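Engineer: Pasting a structure below so you can have a look.
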Amino acid sequence: MTRILITGSNSGFGNLAALTFARQGHEVIATMRTVAKGDELRSTAEAEGLPIEIRRLDVSDPASVAEGVGSPAAVDVVVNNAGFEVSGALELVDDELWSRQLDTNVLGPMRVTRTVLPAWRARGRGTIVNVSSIAGVVGSPFGGAYSASKHALEGLSEALHFETSSFGIRVRLVEPGRFDTGFHDNMATVDGWEHSDYFDLAARFRDSQGVLSGDGPEPDPQDVADVIVRAALDPDAPFRNFVGDD
């Protein structure tokens, strides 16, 4: 039985991945910044008898990370999934929003990773799955801060792969396209966005993006959860794992 710690498990891909791992018989530590948001996950776990433990872990707080991880030697896999998006033209993103974006999406995964690596190197095994985005491969207009944070996550994941593989540690990237997970409910928008010169252009760009999905059914976020599980458990899973027809 594998023990998996997932950040940002209260909704979206993290929530689905937690349930998928647990339904396969693995022990899951489902972490989130606000544990009250895990009530639905807790109820599902109790109803199905799933091995899911819910803990508080704020990736922006080093003390919270240490407490949420607990004993690194008791964890086999870390899924760095917590994150949010800043929306707006790059010209309008102020320093405070930049700091929040990079602190959560870049430094956050590294805080969790640094917490487990010493114990994992000593024992010679462990797996890091970093949930990135297609925005980490192609710059997204009016989501440039988010895209920059995911490009950074991609770069550090590549470096980490080469630095740790000789110690028996696997690093994998999962790169979803557009999926409806409620992720945008937590989006931070720049001040004055609706009255900016960029707003109408952004609306036209957003409409054109809809063409990528075509007329077929809405993409299923469970597809991403399944790829996260494979990246975590299958030693033959590739370093990069794209998900979504777009």
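Engineer: Please name all residue pairs, on different chains or six or more residues apart, with Cβ atoms under 9 Å, provided the first residue is in segment 66-94 and is under 13 Å from Val131 (Cα atoms) and the second residue is basic (Lys, Arg) and buried (at least 24 other Cβ atoms within 10 Å of the Cβ).
Structural biologist: Pairs found: Gly83/Lys150.
Engineer: Give me the residue from segment 1-18 that is of a type in the set (A, V, I, L, M, F, W, C) and closer than 19 Å to Gly68 by Cα and, out of that set, surrounded by the fewest Cβ atoms within 10 Å (Cβ to Cβ).
Structural biologist: As a first pass, look at segment 1-18 and keep what is of a type in the set (A, V, I, L, M, F, W, C): 1, 4-6, 13, 16-18.
Filter once more, keeping what is closer than 19 Å to Gly68 by Cα: 4-6, 17-18.
Values: Ile4: 25, Leu5: 28, Ile6: 28, Ala17: 30, Ala18: 33.
That would be Ile4.
Engineer: Then there's this: Test each condition in (1) touching a Phe, Trp or Tyr at 6+ places or on another chain (Cβ under 7 Å); (2) open to solvent by 10 Å² or more (accessible area, probe 1.4 Å); (3) not polar (S, T, N, Q) for Val86 and report the one that comes out false.
Structural biologist: Here Val86 clears every test but (2).
Engineer: Given the structure, is Glu67 closer than 22 Å to Trp120 by Cα and open to solvent by 20 Å² or more (accessible area, probe 1.4 Å)?
Structural biologist: On the way: closer than 22 Å to Trp120 by Cα: yes; open to solvent by 20 Å² or more (accessible area, probe 1.4 Å): yes.
Considered against the rule, which asks whether it is closer than 22 Å to Trp120 by Cα and open to solvent by 20 Å² or more (accessible area, probe 1.4 Å), Glu67 comes out as yes.
Engineer: Could you give every pair whose Cβ atoms fall below 9 Å, whose first residue belongs to segment 12-37 and is in contact (Cβ under 8 Å) with a residue 24 or more places away in the chain, and whose second residue is of a type in the set (Phe, Trp, Tyr) and open to solvent by 10 Å² or more (accessible area, probe 1.4 Å), counting only separations of at least 6 or pairs across chains?
Structural biologist: Note: pairs meeting the criteria are Gly12/Phe179; Gly12/Phe183; Phe13/Phe179; Phe13/Phe183.
Engineer: Would you confirm, using the coordinates I've provided, whether Ser132 is in contact with a Leu (Cβ under 8 Å, 6 or more places away or on another chain) and surrounded by fewer than 20 Cβ atoms within 10 Å (Cβ to Cβ)?
Structural biologist: Criteria not met by Ser132.
Engineer: Only residues that are buried (at least 17 other Cβ atoms within 10 Å of the Cβ) and aliphatic (A, V, I, L, M): list them for segment 36-64, please.
Structural biologist: Leu41, Ala45, Leu50, Ile52, Ile54, Leu57, Val59
Engineer: Further question on the same structure: Is there any pair linking a residue in segment 160-176 that is among the hydroxyl-bearing types (Ser, Thr, Tyr) to one that is outside any loop (DSSP other than H, G, I, E, B) and open to solvent by less than 40 Å² (accessible area, probe 1.4 Å), with Cβ under 9 Å and at least six apart or on different chains, and which?
Structural biologist: Here the result reads Thr164/Leu117; Thr164/Trp120; Thr164/Gly126; Thr164/Ile128; Thr164/Val171; Ser165/Val171, each pair linking segment 160-176 to a residue that is outside any loop (DSSP other than H, G, I, E, B) and open to solvent by less than 40 Å² (accessible area, probe 1.4 Å).
The values are calculated or read from the model by the stated rules, or taken from the named source; none is laboratory data. Everything numeric here is computed off the predicted structure, so don't read it as measured data. Using ideal geometry, Cβ is built from the backbone for each residue, glycine included, and neighbour counts are taken over all protein chains shown. Accessible surface is based on the protein model in full, side chains and every heavy atom, while ligands, DNA and RNA are left aside. Shrake-Rupley method; radii C 1.70, N 1.55, O 1.52, S 1.80 Å.
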